[in-house]
Number of protein chains: 2
Amino acid sequence: MCAPAVAAGSRRHHADDGIHSLSRRAFLKTGITLTAGAALAATSPALPAAAFTKKARRTVDLTHRLVKAFPSFFGPQGVFDEVITDFDPDGFFSKRWTLVEHIGTHVDTPGHFDQGNRLVDDLTLSDLLAPIVVIDIKAKAVEDPNAMVEPADLVAFERRHGRIPERALVCMNSGWADKVGDGDTFRGGAGFPDLNFPGFSIDATDWLVARRDPVGIGVDTISLDPGNSATFDVHFGFLATGRYGVESLANLDQIPPRGALGFVGPVPWEDGSGAPCRAIAAW
Amino acid sequence: MCAPAVAAGSRRHHADDGIHSLSRRAFLKTGITLTAGAALAATSPALPAAAFTKKARRTVDLTHRLVKAFPSFFGPQGVFDEVITDFDPDGFFSKRWTLVEHIGTHVDTPGHFDQGNRLVDDLTLSDLLAPIVVIDIKAKAVEDPNAMVEPADLVAFERRHGRIPERALVCMNSGWADKVGDGDTFRGGAGFPDLNFPGFSIDATDWLVARRDPVGIGVDTISLDPGNSATFDVHFGFLATGRYGVESLANLDQIPPRGALGFVGPVPWEDGSGAPCRAIAAW
């Protein structure tokens, strides 16, 4: 399903290449060991020019509040808190949290579905700072809750708004963010496999990877693939290219289709397959 | 310790004002209920002008990798993971985390030490996007591990680098970030009350609040107050002004003393006293 040239490069860590996979992961581990507890690499890429050629005047938070009732993919509650100190008797308030990695507005890493590929503490600002484009499929998502971003939507976007920049975060706006307050509505069901919501098609992500080299894709739903997917084509096919996904984005209606700079800031916890993030846009 | 005018405004939620405190918190709760699970307010403040008057060319990640061994204030391990799905047999990899709110590079909210004040899901981009200034006290921190940023350091900074902008994030660079790989070294001891590291003095934060209206302060150590503090003056006095702190920042050596725009992106979990964040600088 991937363009062959992409697949050849991206699948190098699959099970049929276990030695290379282990070696690469071992190398990463070595790097982590050498810098254990140390700062993430301080990268200084040139920022995407478009968003900074003029003074940025507007910013939007693309992050949902991470309420304890935040809808989880499988259905059961995914995030829990416990007060561990409080004003009486401790003099200050703090909590402990237990949460799955894939809850709230969060990142899916390449290694979430591709063994040996990059994990959340391998993503750097070169990945996480990127121009954002927003593909609006709200009209067809009203007709079909499992509607997908297809290559035709990308072509139509470019006809109207201009070429999708290289190294962009390409986001789907399906109108789903407004449903997040109710789990069954947001999921379109009780939880996997009872799910119905829009997502990307693998044809669309293959198109992007082959032609526009995105840093990642984002969705305003709970999964990169549509809810009725049984094969998770995008999770397997797109993440394996070394690119990341962002799920449950908010406020995509409030940013321009093209021209904003995005920042996706996941918690860089050790060897995480994903993590909650703070995502913003500025333009 | 606070300038009186500040204290009068900031202490309105203290125990001696319980009704107002509860009312305000109840109001916040109402807001949260009405928008339960909904997006954080999409704010669009004008960005601080200084950082965007020219094209930003450099970015630095100010975040430490959140390793499981990350030093905790009290000593014991503060962050734990558990693999909940793996490639064999599940076909994909994911984990569950249990962690205290105050671990890794993270935010301290006003409500952490001031009952009824703002919590992590109350902070908006108006707070979190700000010019960063870096006060370098490395020389005196070599002499005294409990050295403090004092008003004289702020005055000296302004003489050399110009006025600290309004609504800035004012950070201490004590040279401590390099020690983060070893808990006892980073803490200067085994854990509270055996701690020795630099921090802000309350006189310095009072000076800032009265004269420069910062959005918050940041430190490259594990606490806003110095390690040998028994009274947590800055935690009580500064946070109560409605401003936040960022602890265990990384890479402050790699950004200019003045002129960068900072973004501090905590996970906006429900009613958190703090949260791990991704913090970056661009200029």
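A few remarks follow.
- Residues located in segment A:245-266, provided they are under 14 Å from the mean Cα position of the chain (by Cα) and polar (S, T, N, Q): A:248
- Residue ID - surrounded by the fewest Cβ atoms within 10 Å (Cβ to Cβ), chosen from residues in segment A:78-113 that are among the polar types (S, T, N, Q) and without any contact (Cβ under 8 Å) to a residue 24 or more places away in the chain: A:98
- Within segment A:33-78, the set of residues being farther than 29 Å from residue A:167 by Cα, at pLDDT 95 or above and either within 7 Å of another protein chain (Cβ to nearest Cβ) or assigned to a strand (DSSP E or B) (or both) comprises A:67, A:68, A:69, A:70.
- Qualifying residue in segment A:166-175 (condition: of a type in the set (Lys, Arg) and touching a strand residue (DSSP E or B) at 6+ places or on another chain (Cβ under 9 Å)): yes
- Residue in segment A:220-235 that is free of Cβ contacts under 8 Å to residues at least 40 places away in the same chain, over 22 Å from residue B:274 (Cβ atoms), of a type outside the set (Ser, Thr, Tyr) and not in a loop (DSSP other than H, G, I, E, B) present: yes
- Those strands (runs of 3 or more DSSP E) lying entirely in segment A:91-204 with at least 1 residues closer than 17 Å to residue A:224 by Cβ and more than 14 Å from the chain's Cα centre (by Cα): A:94-100, A:129-136
- Condition met for residue B:223 (at positive phi, within 14 Å of chain A (Cβ to nearest Cβ) and surrounded by 24 or more Cβ atoms within 10 Å (Cβ to Cβ)): no
- Residue check for residue B:141: among the small types (Gly, Ala, Ser) and modelled with pLDDT of 95 or more: yes
- Residue within segment B:261-272 that is under 24 Å from residue B:160 (Cα atoms) and of a type outside the set (Gly, Ala, Ser) present: yes
- Any hit, segment B:141-153, residues being small (Gly, Ala, Ser) and within 9 Å of chain A (Cβ to nearest Cβ): no
- Here the condition is being facing chain A (nearest Cβ under 9 Å), charged (D, E, K, R) and touching a Pro at 6+ places or on another chain (Cβ under 8 Å); of B:81, B:121, it holds for B:121 alone.
- Within segment B:245-283, the residues that satisfy the criterion of being closer than 20 Å to residue B:100 by Cα, more than 9 Å from every other protein chain (Cβ to nearest Cβ) and among the small types (Gly, Ala, Ser) are B:245, B:248.
- When segment A:205-219 is limited to residues that are in a loop (DSSP other than H, G, I, E, B) and surrounded by fewer than 21 Cβ atoms within 10 Å (Cβ to Cβ), the one that is farthest from the other protein chains (Cβ to nearest Cβ) turns out to be A:212.
The values are calculated or read from the model by the stated rules, or taken from the named source; none is laboratory data. Small disclaimer: the values here were computed from a predicted structure and weren't measured. When we count neighbours, we look across all protein chains shown, and the Cβ atoms used for this are built from the backbone with ideal geometry, even at glycine.
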